[in-house]
1. On a 27 Å Cα-Cα criterion, which of the cross-link pairs K9/K109; K4/K96; K94/K117 come out too long?
2. Would you work out what percent of the accessible area of the chain, with all protein chains in place, is carbon or sulfur (probe 1.4 Å)?
3. Over all directions, what mean area does the Cα convex hull of the chain project, stated in square nanometres?
4. Using a 1.4 Å probe, what is the accessible area per residue for the chain, in Å²?
Amino acid sequence: MRTKKHYEKMLSENPSTTIGFTLAADMVYAARHEIIHRSEAHGTDEWRTIARNLKSRYGENLTVEQVRSEIAGGQDTIDIRVLNVPGDLHRAFKIKCAQEGISLAGQVKRLIEEWVKK
């Protein structure tokens, strides 16, 4: 038996790891139900649907950011691709993110949220 809190801690302690789609499905299921009894959940249609959707979208492994997005309701999110960013700006941004311990995607999301609130 694992809880949503357990999985959130696991993700925060391992920010640069990859997660197999089966474990990711457990995490998403636990986020929806606050807890997962793996032996019971793996036999349900809901869990199998989550696992199939994750594998079809991401393949065998997901990043921590992808799992977090799915836990937050990933189907309500879209990818934003920024093209033609000058190399110097990208490097400076990447360095600043590393210094602050935040992912590039996390920082972009934070900047968008702050700008939209203005």
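1. Values: K9/K109 21 Å; K4/K96 30 Å; K94/K117 24 Å.
As for pairs spanning more than 27 Å Cα to Cα, those are K4/K96.
2. Working: 4570 of 8590 Å².
That fraction is 53 percent.
3. Mean projected area for the chain: 8.8 nm², to one decimal.
4. Details: 8590 Å² over 118 residues.
Per residue, the chain has 73 Å² of solvent-accessible surface.
The values are calculated or read from the model by the stated rules, or taken from the named source; none is laboratory data. Keep in mind it's a predicted model, so treat the numbers as computed, not measured. For the accessible areas, the whole protein counts, side chains as well, though only heavy atoms, and no ligand, DNA or RNA atoms are used. Shrake-Rupley method; radii C 1.70, N 1.55, O 1.52, S 1.80 Å.
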